[in-house]
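One structure is given below, encoded as structure tokens.
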Amino acid sequence: MKCSMKTMLKVGFGVLLSLGALYLAFPAFREVLLAIAPFLLFLICPLSMFLMMKGMSSQDHKTTGQTTSARPGDTPKRVVDEPIESN
């Protein structure tokens, strides 16, 4: 599979923005953030693939829920086999 460039850029921008906010908010952890930043940027493609698959899965649940005719709380009717009488 191939990552969408648009999604990768969005996720990359989000990661950079988050790292920048954490860098400014927590001065005591700046060394740790700088150490893990390359690793997080390396994970942009797998993270974006996960988010795309999650988004596709949630759309699939919405469409399948609308096509079913059973309502919540309905119990399925049981069909009882009757013996066939021969003449």
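The values are calculated or read from the model by the stated rules, or taken from the named source; none is laboratory data. The model shown is predicted, which means the values in this text are computed figures rather than measured ones. All Cβ positions, glycine included, derive from the backbone under ideal geometry; neighbour counts span all protein chains shown.
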Working carefully through the options PRO38, PRO72, find the one that is modelled with pLDDT of 75 or more, out of contact with any strand residue (DSSP E or B) (no Cβ under 7 Å at 6 or more places or on another chain) and not aromatic (Phe, Trp, Tyr). PRO38
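Return the total of residues in region 15-36 being within 23 Å of the chain's Cα centre (by Cα) and surrounded by 14 or more Cβ atoms within 10 Å (Cβ to Cβ).
3
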Are any residues in region 1-32 aromatic (Phe, Trp, Tyr) and farther than 18 Å from ILE44 by Cα, and if so, which ones? TYR23, PHE26, PHE29
